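Enquirer: Just passing along the structure, written as structure tokens.
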Amino acid sequence: MKHKKWFIFNILSSVLFLVVSIFLWFRHVDGSGAIMNTKLRLLNLAIWFIFFTIMVLVEFIIIRISKHVNQ
């Protein structure tokens with residue numbers, strides 16, 4: 001049952017990552033009022049990717065710790 005919850009969480013977070021990435025790519029003006037060009041869009045996606053990678057690493061560490069504790 002635990003693995004099913006982790007799997008569902010991973011699917012939902014992947015969908016969230018894709019939805020936010022698509023939103024960041026297709027918006028024309030960001031929150032500060034700057035008009036988006038290709039460089040700014042790629043910078044926004046890079047920052048989003050780094051944040052998401054950190055979240056995945058934290059999840060991986062938690063999984064490893066929980067497996068080690070349960071043994």
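Enquirer: Say whether the condition of being loosely packed, with under 10 Cβ neighbours inside 10 Å, without any contact (Cβ under 8 Å) to a residue 24 or more places away in the chain and over 13 Å from the mean Cα position of the chain (by Cα) is met by at least one residue in segment 41-58.
Expert: No.
Enquirer: Now for a separate question. If I filter segment 25-38 for residues that are in a helix (DSSP H, G or I), surrounded by 10 or more Cβ atoms within 10 Å (Cβ to Cβ), within 17 Å of the chain's Cα centre (by Cα) and of a type outside the set (D, E, K, R), do I get at least one hit?
Expert: For segment 25-38, residues in a helix (DSSP H, G or I), surrounded by 10 or more Cβ atoms within 10 Å (Cβ to Cβ), within 17 Å of the chain's Cα centre (by Cα) and of a type outside the set (D, E, K, R): present.
Enquirer: Report whether or not residue 18 is assigned to a helix (DSSP H, G or I), among the aliphatic types (A, V, I, L, M) and closer than 16 Å to residue 55 by Cα.
Expert: yes
Enquirer: How about segment 1-29: which of its residues are touching a Leu at 6+ places or on another chain (Cβ under 7 Å) and not polar (S, T, N, Q)?
Expert: 24, 25
Matching residues to (1) of a type outside the set (Asp, Glu); (2) farther than 18 Å from residue 13 by Cβ; (3) in contact with a strand residue (DSSP E or B) (Cβ under 8 Å, 6 or more places away or on another chain):
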| residue | (1), (2), (3) |
| --- | --- |
| 30 | no, yes, no |
| 37 | yes, yes, no |
| 53 | yes, no, no |
| 61 | yes, no, no |
| 70 | yes, yes, no |
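Enquirer: Still on this structure, I have one more. In segment 59-71, what count of residues is obtained for those that are surrounded by 10 or more Cβ atoms within 10 Å (Cβ to Cβ), over 13 Å from the mean Cα position of the chain (by Cα) and not aliphatic (A, V, I, L, M)?
Expert: Of the residues in segment 59-71, 3 are surrounded by 10 or more Cβ atoms within 10 Å (Cβ to Cβ), over 13 Å from the mean Cα position of the chain (by Cα) and not aliphatic (A, V, I, L, M).
Enquirer: Report yes if some residue within segment 39-48 is of a type in the set (A, V, I, L, M, F, W, C) and touching a Ser or Thr at 6+ places or on another chain (Cβ under 8 Å); otherwise report no.
Expert: Among the residues of segment 39-48, at least one is of a type in the set (A, V, I, L, M, F, W, C) and touching a Ser or Thr at 6+ places or on another chain (Cβ under 8 Å), which makes the answer yes.
Read-outs throughout are calculated quantities, based only on the coordinates presented, and are distinct from any laboratory measurement. Owing to the predicted nature of the structure, the values given are computational and were not obtained by experimental measurement. Virtual Cβ from ideal backbone geometry, glycine too; neighbours counted across all protein chains shown.
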